[in-house]
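Inspection log for the structure reproduced underneath, given as structure tokens.
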Amino acid sequence: ECDPPIYYVVGRFPVGSTLMATANPVDITADADLEQLRRENQRLRRAVDELSILNDLATAIGGTNDPTEIMRIIVKRSLKTVNAEQGVITLISDIRQTDQLKTLVRTMSTSGEHEAIHPDESILGWIITYQRPLVVNDPASDSRFKGTRWNPTVRSIMCVPMMVQSNLVGSLTIYNKKDEDGFTEADQRLVSILAAQSAQVLENARLHKEERALQQIQEELSLANEIQAKLLPQLMPAMPGFDLAGTSVAARSVGGDFFDFVPAGKGKLYFWVGDVSGKGLPAALTMATMQATLRGNTASSHDVKTCLDNVNKYLCGNTTRATFVTLFLGMLGGDGRELRYGNAGHNRPVLFRPGAEPLILQHGDLVLGFSEDVEYHEKRLELRSGDVVVIYSDGINESMNVRREQFGDRRLIEIVAESVDEKASVIVDRVVAAVEAHTGDTQQTDDVTISVIKRL
């Protein structure tokens, strides 16, 4: 009851100890416990909120494999979480490329009253360089971006990297926190978690889309292969006094090599072997055009020179300058003895005659499609009994093995010379088999095409 009050402490204390008394020690301990409990409660509440947001995001994006829709959902959820105006996901194509800031803006979520903001290259460059979250609450005075001309509507920026297995695949940029104080560390933490969890989902969706696109391309290539195969001879035509054979093996699903045997009126037979520059679908399309153009010209019973002139003019007027075609065009006359032919930059055919050395038909003009001013020529050759003419593409003589050794013209000549007494189809099969044996497991890089004309 004294004023001021006097406190008595009863107890045993070691000699020399100091006792510090306070007016209310029990109250101070209780306040500290309450403060710790409050912080722990906030931490748990924040964790629960983060789990709830991630669960909602997983539920929302779990029902689609469309990358654009997934990005739209991610941006929308991020804006709602941090109470911001706009958001953009930017996919980084490949930061190892020279133009590393070349990006693709996929989606944007913004309210109608705000002007759409596009990611600044300074922000993207910073993310690519440092690959960690960035918060800019005062863009105009931020020392990290001196000289950057900001969009006047930008008040605050938060940009976080999107990583997949330590690789930067994109960034999530949020603009203009609606609170005046700007983005907080809590905002950065939460959006970083969203970006980290979303990046793998987005990457999986992108890979799924690419896989579907690749599957569709493969189906189209398979169909193109079937169509192209039907453009080549299915059966060899009957030509009295001759044995004919030919084949073409594409290096890819579709190729640029082609050959044909086309009977014409008055006992004539046109035949050709050609090679279109380039690979894949562009070469295959040109190959189909060549087959149709040649069949149209030979059906009009034009001579070899006229056919070559017409086809050359057509190519020059209807294809790009980079497209050209090599072609050997031949015609067997009605008497069955004379071969008329022209060569537009193609491999020189080889004539095998019984009792004589193989003869290379050296005549050749410029490739088709290079210039309309080129004049083509026609040569004539009398075929005797037992003569064999072999026409082939450079996919045969230039095919390589693992030691990068070419098959070569000499090896081709040796194989045919050993087989001249066989049927034309046997000669074709032996040459193709020899080429395959030579290349072994080496991937074929060019189409393999060969035709054989044998005078009985």
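The values are calculated or read from the model by the stated rules, or taken from the named source; none is laboratory data. These figures come from a predicted structure and were not determined experimentally. Please note: Cβ atoms are built from the backbone with ideal geometry, for glycine as well, and neighbour counts cover all protein chains shown. Side chains included, ligands, DNA and RNA excluded: accessible areas come from the protein's heavy atoms. Shrake-Rupley method; radii C 1.70, N 1.55, O 1.52, S 1.80 Å.
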From the Cα centre of region 161-182 to that of region 271-303, the distance in Å is 55 Å
Taking Cα pairs closer than 8 Å and at least 6 residues apart, the relative contact order of region 341-384 in percent is 43 percent
Taking a straight Cα-to-Cα line shorter than 22 Å from residue 178, and setting aside same-chain lysines fewer than 8 residues away, one finds 76, 80
Taking r as the C-beta separation of residue 37 and residue 221 and R0 as 60 Å, the FRET efficiency to the nearest 0.05 is 0.35
Pseudo-spin-label distance residue 433 to residue 402, built 7 Å along Cα→Cβ, given in nm, is 2.3 nm
In region 137-248, taking the dipole from +1 charges on Lys and Arg beta carbons and -1 charges on Asp and Glu beta carbons about the Cα centre, the listed residue (165, 175, 207) farthest towards the positive end is 175
Sorted on mean Cβ neighbours within 10 Å (highest first), peptides 368-378, 219-229 come out as 368-378, 219-229
Charge dipole of region 137-294 built from unit charges on the beta carbon (Lys, Arg +1; Asp, Glu -1), centred at mean Cα; most positive-end Cα among 139, 253, 282 is 282
With all protein chains in place and a 1.4 Å probe, residue 313 shows an accessible area in Å² (nearest 10) of 100 Å²
Excluding residues fewer than 8 positions from residue 305 in its own chain, the lysines with Cα under 22 Å of it are 266, 268, 313, 379
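Using 0.36 nm times the number of residues separating residue 382 and residue 277, minus their current alpha carbon distance, what extension gain do you get?
Fully extending the segment from residue 382 to residue 277 adds 34.6 nm.
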Percent relative contact order for region 325-456, counting Cα pairs under 8 Å at least six residues apart, stands at 25 percent
Ordering 399-412, 439-452 by per-residue average of other C-beta atoms within 10 angstrom, highest first, gives 439-452, 399-412
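With the contact rule set at Cα under 8 Å and sequence spacing of 6 or more, what percent relative contact order holds for region 323-397?
36 percent
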